[in-house]
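Reviewing the structure listed below.
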Amino acid sequence: MKKYIYGVILLLAGACTADLEDTLVNSGNTDTADKIINNSTYAVNGEVLVRFEPSAESRLAECATRSGATRSGIEGVDITLDRVGGYAVEPVFVVTEKNCEKVYAAGLHLWYLLKFDENQSLDNVAADLAKVGEVKYVEFVRKVKRIAPKRATGFASNNQAAKTSPTSETRATTSIPFNDPHKQYMWGLDNQGTNSMVGYENLFEPETEADVNAVPAWKLCTGNPSIVVAIVDEGVMYSHEDLKDNYLINLAEKNGTAGKDDDGNGYTDDIYGYNFVSRNATISWNKNGDTGHGTHVGGIVSAVNNNNTGICSIAGGSGNNDGVKIFSSQIFSGENGATTTNTAKSIQYAADRGAHILQCSWGYEGGEITNDKDYTGDYYCSIEAAAIDYFIANGGTDNGPIAGGLAIFAAGNELYPMAGYPGAYEPCISVASIGPALKPTYYTNYNYGVDITAPGGSSLYPNGEIYSTVPSVLYGSNYAMMQGTSMACPMVSGVAALGLSYAQKLGKRFTAKEFRSMLLASTSDISPYLTGSITIIWEDNTEDDINYANYKEKMGAGYVDAYKLLLQVEGTPYVTIIANKASSIDLTQFFGNGDLRFSKYEISDSDKSAVGWSNDSYSNGKLNVTCTKSGSATVTVTMLVGTGSQSNASNPYPTEITKSFVVMVRSKLASNNGWL
């Protein structure tokens with residue numbers, strides 16, 4: 001297998017090097033202790049990562065272009081390798097004719113993996129390498145772990161509460177417009193409140209607003225196959241009945257020659273993605289130790305909608321081959337996980353495959369890393385951060401709706417007051433979890449580093465976890481329930497993908513920073529629901545008291561709302577009012593304070609019914625109304641400008657100005673009326 005196109009790198013070195021040396025300057029860092037990132041605890045034996053200074057670039061060129069290189073061409077480094085039985089010096093990141101300029105601009109070509117005798121002291125090797133002037137950083141290679149929530153067996157008021165499988169007796173009505181037979185279980189997309197599940201007695205009552213508000217969003221857009229989400233996780237079952245039509249297939253490789261890198265991306269035969277654990281293009285999901293996690297996550301983002309099969313998803317289209325595409329950039333396989341080295345490679349691979357969104361339901365434990373400085377190069381995972389920065393800068397496509405990419409991570413499941421990294425890294429989007437009652441789930445991390453919240457499921461409620469696709473070989477069924485910020489994360493990825501789909505439909509393009517800001521602003525406030533407390537009983541019979549008031553202002557921007565995001569993409573304003581309360585909507589926010597005269601307002605009968613619109617009137621620049629149901633309605637208001645002229649046939653009447661906006665009706669609002 002040819003993982004690196006060494007011949008191409010040799011040809012490109014001259015083209016890319018000159019520009020790079022103008023922009024990268026030798027740091028002159030001579031403090032060897034400051035050069036060593038992280039520590040050797042839990043590190044992989046016999047390997048270290050080195051990030052060289054730009055001054056070493058010309059001497060590294062021969063090593064970069066030679067398969068099976070055992071020495072770097074840097075004298076001090078090679079003396080150390082001679083001493084410790086060094087047998088491989090490999091560039092970490094792939095450099096091709098297509099990505100050369102991007103890789104060199106990011107400095108990724110300066111990262112190398114050095115392999116040596118496993119019996120050698122990692123600390124001694126790192127110390128010797130740090131003495132070399134051309135070495136900028138030495139980083140220990142760590143194993144990346146799955147993040148699974150600690151499970152509760154019950155709670156103080158009812159220790160018998162437990163997950164049950166969906167049955168006909170527990171099915172609820174739903175507003176989801178598709179024909180997927182399991183749509184009744186998709187409370188994270190359309191929560192029907194007390195009707196959506198039974199057996200929650202002695203728990204907090206489910207809330208109709210505890211979902212991503214997908215149903216009204218689907219009236220505008222259901223997905224777009226030009227939008228791509230990379231699932232960095234266990235392998236995704238690309239042959240699954242509910243995923244195969246929304247799975248991105250690399251046609252150049254499928255229709256090409258076996259054993260050849262037909263599309264020139266540095267990877268051979270990557271038809272369905274790439275497996276960074278086995279280091280080949282075989283995507284797997286059924287090895288001993290696999291959980292179906294990647295397939296479950298993929299289904300939340302883009303299981304095929306309206307195909308009369310299984311479940312529906314946030315961005316899975318309308319059944320007309322118009323869903324968002326997903327593919328697997330695999331970092332877990334069976335009992336094995338990737339290292340930081342291969343995780344970084346998987347992120348670069350996702351960017352170079354044109355993914356708009358990096359979907360990552362994994363990370364380090366909350367509190368293990370506490371700030372960006374530690375993470376980005378002074379003592380933890382500089383190579384991972386470099387790869388994430390590369391994705392954010394270079395994800396997507398040149399003509400797509402976003403210039404760059406979105407890196408979305410789970411916040412973690414340790415009930416810790418800080419999100420885990422990489423999600424807590426400022427450029428990323430870190431997702432915490434809520435349950436059916438719109439309260440933080442009993443396991444979710446919160447507070448520092450958390451950006452946004454979404455349904456992640458709770459096993460305390462029967463059918464309260466998130467229902468999605470899984471490999472039948474593992475479960476005896478194609479569908480199962482899971483919970484965790486791992487499930488909340490793809491909820492946000494799906495919403496983001498739906499927003500990008502709508503932007504593509506409208507021909508709009510945003511920077512990655514602009515779209516990230518829009519996503520984080522497309523939320524509703526969780527604060528009104530943060531009341532009460534509960535005692536969680538864990539599997540080991542220990543207990544934790546959870547006071548929901550302690551989560552106020554610590555759940556990021558609020559819980560994500562797909563409809564609000566699409567309205568932002570569209571440019572349509574919205575206001576939020578509280579149900580069963582007389583409200584006045586100030587129209588000057590849409591029309592200004594000029595000399596305008598009210599003419600009329602219009603709302604469809606279906607929208608009136610959806611929100612229980614009643615007692616409407618206009619007075620003194622305000623539209624007065626009472627709405628009795630949670631939901632949304634589009635209102636069109638017409639104002640008159642000037643007096644016109646009866647004698648002028650071309651302008652016999654005053655000019656009309658029409659504006660449309662959406663009224664969001666919520667059962668509870670914070671004192672700031674829901675604006676965050």
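A short reminder: the numbers here are calculations on the coordinates, not readings from a lab. On a predicted model such as this, the values are computed, not experimentally measured, just so you know. Methodologically, a virtual Cβ is constructed for each residue, glycine included, from the backbone with ideal geometry; neighbour enumeration extends over all protein chains shown.
For the chain, the equivalent ellipsoid derived from the Cα gyration tensor has semi-axes of 47, 30, 24 Å, listed largest first. Scanning residues 5 or more positions from residue 434 or on other chains, those with amide H under 5 Å from its amide H are 441, 454, 456, 457, with H placed 1.01 Å from N in the peptide plane. Principal-axis analysis of the Cα atoms of the chain puts helix 75-84 at an angle of about 80° to the longest axis. Taking 7 Å steps out from each Cα toward its Cβ at residue 657 and residue 541 produces label points 7.2 nm apart. Each of 452, 510, 216 was scored by the projection of its Cα onto the charge dipole of the chain, and the greatest displacement toward the positive side belongs to 216; charges sit on the C-beta of Lys, Arg, Asp and Glu.
Pairwise Cα distances in the stretch 538-666 exceed 20 Å for 59 percent of all pairs.
Amide H contacts under 5 Å for residue 334: 287, 290, restricted to partners 5 or more places along the chain or on a different chain, H placed in the peptide plane at 1.01 Å from N. For the pair residue 370 and residue 308, a Förster radius of 41 Å applied to the C-beta separation gives a FRET efficiency near 0.25, rounded to the nearest 0.05.
For the chain, the residue among 585, 474, 113 whose Cα projects farthest onto the positive side of the dipole built from Cβ charges is 585. One chain, two ends: residue 477 and residue 589. Fully extended at 0.36 nm per residue, the span grows by 35.1 nm beyond their Cα-Cα distance.
May I ask for the angle, rounded to the nearest 10°, between helix 293-302 and the longest principal axis of the chain, with both axes built from Cα atoms and the value confined to 0 to 90°? With rounding to tens, the tilt is 40 degrees. In the chain, the longest principal axis of the Cα atoms and the axis of helix 6-23 are about 70 degrees apart.
Round to the nearest 0.05 the FRET efficiency obtained for residue 628 and residue 552 when R0 = 41 Å and r is the Cβ-Cβ distance. That gives a FRET efficiency of 0.90. When +1 charges are put on Lys and Arg Cβ atoms and -1 charges on Asp and Glu Cβ atoms, the dipole computed for the stretch 572-666 relative to its Cα centre reaches about 260 debye.
Paramagnetic label reach from residue 511 (point 7 Å along Cα→Cβ; backbone nitrogen cut-off under 12 Å): within the stretch 333-364, no residues.
Multiply the residue gap between residue 606 and residue 156 by 0.36 nm, knock off their C-alpha separation, and tell me the result in nm, one decimal place. Could the numbers behind the result be given before it?
Values: separation 450, 0.36 × 450 = 162.00 nm, distance 4.38 nm.
Separation in residues times 0.36 nm, less the Cα-Cα distance, equals 157.6 nm.
The label-point distance for residue 521 and residue 82, in a model that sets each label 7 Å from Cα toward Cβ, rounds to 6.1 nm.
Quick one: length gained pulling residue 581 to residue 614 fully straight, 0.36 nm per residue minus the C-alpha distance?
Values: separation 33, 0.36 × 33 = 11.88 nm, distance 1.07 nm.
Using 0.36 nm per residue and subtracting the Cα-Cα distance, I get 10.8 nm.
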